[in-house]
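Reading through the structure tokens given below for one structure.
The values are calculated or read from the model by the stated rules, or taken from the named source; none is laboratory data. Predicted model only: the values in this text are computed from it and were never measured. Ideal geometry is used to build each Cβ from the backbone, glycine not excepted, and the neighbour counts take in all protein chains shown. Calculation scope for accessible area: heavy atoms of the full protein, side chains included, ligands and nucleic acids excluded. Shrake-Rupley method; radii C 1.70, N 1.55, O 1.52, S 1.80 Å.
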Amino acid sequence: MEAPLKHRLHSGLRLWEFPDQYVIEPTDGSAAPCLDISRLDGSMKLIDQVAECNSLRVPKIRSIFGVVGMLKLLAGSYLVVVTESESVGSFLGHAIFRINSLKVLPCDHSLKNSPEEQKKVETDFSRLLSVAERTNGLYFSYEINLTLSAQRLHDLGDESKSLPLWRQAEPRFLWNNYMLEVLIDNKLDQFLLPVIQGSFHSFQTAIGRDIVDITLIARRCTRRNGTRMWRRGADPDGYVANFVESEQIVHMNGYTSSFVQIRGSMPFMWDQIVDLTYKPKFEIVQPEEAARIAERHILDLRKKYGSVLAVDLVNKHGGEGRLSERFAGAMQHINGDDVRYLHFDFHHICGHIHFERLAILYEQMEDFLDKNGYFLLNEKGEKMKEQSGIVRTNCIDCLDRTNVTQSMIGRKMLELQLRRIGVFGAEEAISSHLNFDERYKILWANHGDDISIQYSGTPALKGDFVRYGRRTVQGVLNDGWNALARYYLNNFADGTKQDAIDLVQGHYIVAVNRDMAPVPRKGGLEAVANFPVALAVVLISLWFATMSVKRAGSDYRHLFFSLVWAGISVAVAAFMRANGRIFCNRPRLHKPRP
């Protein structure tokens, strides 16, 4: 059942930018009213048609592809719209689009009469919106609810399917949930565009005379969304960082089959404080609460997915070992017929190249996968099987080891699905079809890269194994470069990005309060402390030291200068380490959302 016309999203829009108002005009032939938004205070109303233009009110006109929502700061409101998008495939027969460009449109004319300090704070916060404009991995559909898996969509009743898309949506996967609130309050269903963040890739390939259509979609949870070092572990309610639902869908010969996996940070309170070290120490926060928080998280998973197999891939020793021990201890109180914890020391067993040893892990989870299965519809759309349990995979970041492991599980399950449909024989495997095998590897490699970029700022490590089935020299070199890039981003860019995420998703609400005070200006060395400059000094000093050593021989002058340059590099590096808080300093949002 499709949504009634009064709820159907506008698939074509034109934006008129007047000096005092924005007007969004439907261009999809629906003859629906236009949306008028005041640039003075952001107030909204529906109007029958665009006002006439004159020499004093010359509008700027452009096509847009959806209204993402509106944010309220101290004095002004800010409208967010989609200015560029492209079709990337289909989900259950409905077109899916990726957002290539967002635009934040200020409705802040009232700011002219605000106090100077308020203007300054407003400007500081509005800069975060420019960071939000660069958010990647955003997808939408005008026709289908992207926040739900194929199984959950199938199980929706006719009454739910008749509701507007935003009302059908799963809030935890609705990226613009908070930004839509103003539009919801104004009952603007036809302008409410639900957006998810994650990944969407698909391909078609032939197996004999049959065409197989494979789709892989990721949905990022917004409850504890953020960047790698700034969002770790769980909050007191059991919501974990980097929680992602990955759904693999196969269409063939009229059949539709789906398999869902999830990933997420270890479900208790722990973090890593950014301090300029390459790998900050892991800190377990409120260890006495670990069991309660883990139980709350697992119970939520059971409610949503059924049985749970928690696969922990972290090291058994060192800092990771302490976290793993805490996780295992918390799970002891929860393990039962429907919940199971499984530790697999990925680095110890697989090393850096022997990822084929993941077969050992698969043997340990095969009974769970056989029992809980996958979702399957026949040619008539009738449900033949349902997925009644979930595999929850984690490593430290839930990126690199996790993606390698999930791709292995996805491959095994896809082979089971194709055998059930009757396309594969009893012993037939994806690897026996070279084109299928190559494209399937690329599918999962792209999936892992997308999730990694959103959380860490770089593509996934170990991606060459997922992409080519083996480790390569180029892949190892890329991993080294990406590891350095992650270090830079975690320490010097992700703090601001985290604030932007918190702002657009309503985790922090900007408010005037008496505790708000301007950040004091720094003087002396702090005023000029700048990581790129300091890093450049270190590298240049090391280069001169190396050149001096090469030329030294018996010439004590060159040896002296090599020691001088080495001393400079060590001194600057020590200053950087000692003043980590200077480089990592970032503004904090003021008021947590209730």
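Filter segment 155-188 for residues that are in a loop (DSSP other than H, G, I, E, B) and aromatic (F, W, Y) and give the result.
W175, Y178
Among the candidates T277, T222, which residue alone is surrounded by fewer than 22 Cβ atoms within 10 Å (Cβ to Cβ), among the polar types (S, T, N, Q) and touching a residue at least 40 places away in the same chain (Cβ under 8 Å)?
Result: T277 is the single residue among T277, T222 that is surrounded by fewer than 22 Cβ atoms within 10 Å (Cβ to Cβ), among the polar types (S, T, N, Q) and touching a residue at least 40 places away in the same chain (Cβ under 8 Å).
Do any strands (runs of 3 or more DSSP E) lying entirely in segment 6-73 carry at least 1 residues that are touching a strand residue (DSSP E or B) at 6+ places or on another chain (Cβ under 6 Å) and charged (D, E, K, R), and which ones are they?
13-17, 21-26, 34-38, 44-47, 60-64
Can you tell me which condition N435 does not meet? The list is (1) open to solvent by less than 50 Å² (accessible area, probe 1.4 Å); (2) over 20 Å from C221 (Cβ atoms); (3) at pLDDT 85 or above, and all the others hold.
Failing condition for N435: (1).
Can you tell me which of (1) more than 26 Å from H154 (Cα to Cα); (2) outside any strand (DSSP E or B); (3) among the basic types (K, R) is the one R340 doesn't meet?
With respect to (1) more than 26 Å from H154 (Cα to Cα); (2) outside any strand (DSSP E or B); (3) among the basic types (K, R), R340 is out only on (2).
Among (1) modelled with pLDDT of 80 or more; (2) open to solvent by 40 Å² or more (accessible area, probe 1.4 Å); (3) farther than 30 Å from M229 by Cβ, where does R470 come up short?
(1)
Limited to segment 360-380, what total is found for residues that are more than 18 Å from S246 (Cα to Cα), open to solvent by less than 10 Å² (accessible area, probe 1.4 Å) and not in a helix (DSSP H, G or I)?
0
Rundown of residues vs (1) touching a Lys or Arg at 6+ places or on another chain (Cβ under 7 Å); (2) at pLDDT 95 or above; (3) on the phi < 0 side of the Ramachandran plot; (4) crowded, with 18+ Cβ neighbours inside 10 Å, yes/no style:
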residue	(1), (2), (3), (4)
V314	no, yes, yes, yes
G319	yes, no, yes, no
Q332	no, no, yes, no
N335	no, no, yes, no
H348	yes, no, yes, no
I353	yes, no, yes, no
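If you go through segment 193-211, how many residues are open to solvent by less than 40 Å² (accessible area, probe 1.4 Å), in a strand (DSSP E or B), at pLDDT 95 or above and not polar (S, T, N, Q)?
Of the residues in that region, 4 qualify.
Just one of L399, L416 is in contact (Cβ under 8 Å) with a residue 24 or more places away in the chain, open to solvent by 20 Å² or more (accessible area, probe 1.4 Å) and not charged (D, E, K, R); which is it?
Within the list L399, L416, the selection yields L416.
Considering segment 111-134 alone, what residues qualify as being hydroxyl-bearing (S, T, Y) and open to solvent by less than 40 Å² (accessible area, probe 1.4 Å)?
Within segment 111-134, S114, S126 qualify.
List every residue pair whose Cβ atoms lie under 8 Å apart, where the two residues are 6 or more positions apart in sequence or sit on different chains, the first residue falls within segment 107-120 and is within 24 Å of Q21 (Cβ to Cβ), and the second residue, located anywhere, is acidic (D, E) and assigned to a helix (DSSP H, G or I).
Note: pairs meeting the criteria are D108/E122; L111/E122; S114/E122.
When the residues of segment 145-157 are filtered to those that are over 21 Å from the mean Cα position of the chain (by Cα) and aliphatic (A, V, I, L, M), which remaining residue is surrounded by the most Cβ atoms within 10 Å (Cβ to Cβ)?
Among them, the one singled out is L153.
Can you name the residue in segment 94-106 that is touching a residue at least 40 places away in the same chain (Cβ under 8 Å) and not charged (D, E, K, R) and, of all such residues, is nearest to W175 (Cα to Cα)?
The qualifying residue nearest to W175 (Cα to Cα) is I99.
If F65 passes every condition in (1) surrounded by fewer than 18 Cβ atoms within 10 Å (Cβ to Cβ); (2) in contact (Cβ under 8 Å) with a residue 40 or more places away in the chain; (3) within 19 Å of Y22 (Cα to Cα) but one, which one does it miss?
(1)
Anything in segment 477-511 that is over 18 Å from the mean Cα position of the chain (by Cα), surrounded by 15 or more Cβ atoms within 10 Å (Cβ to Cβ) and touching a residue at least 60 places away in the same chain (Cβ under 8 Å)? List them, or say none.
Correct list: Y487, N491, F492, Y508, I509, V510.
Only one of (1) in contact with a helix residue (DSSP H, G or I) (Cβ under 6 Å, 6 or more places away or on another chain); (2) in contact (Cβ under 8 Å) with a residue 60 or more places away in the chain fails for A75. Which number is that?
For A75, the exception is condition (2).
Pull out all pairs, ordered by first then second residue, where Cβ-Cβ is under 6 Å, the residues are six or more apart or on different chains, the first lies in segment 179-196 and is under 9 Å from P164 (Cβ atoms) and of a type in the set (A, V, I, L, M), and the second is open to solvent by less than 10 Å² (accessible area, probe 1.4 Å) and assigned to a loop (DSSP other than H, G, I, E, B).
Close Cβ pairs (under 6 Å, with a partner that is open to solvent by less than 10 Å² (accessible area, probe 1.4 Å) and assigned to a loop (DSSP other than H, G, I, E, B)) amount to L192/L180.
So, of the residues in segment 290-312 that are out of contact with any strand residue (DSSP E or B) (no Cβ under 7 Å at 6 or more places or on another chain) and farther than 11 Å from P267 by Cα, which turns out to be surrounded by the most Cβ atoms within 10 Å (Cβ to Cβ)?
So, considering only residues that are out of contact with any strand residue (DSSP E or B) (no Cβ under 7 Å at 6 or more places or on another chain) and farther than 11 Å from P267 by Cα, the one surrounded by the most Cβ atoms within 10 Å (Cβ to Cβ) is D300.
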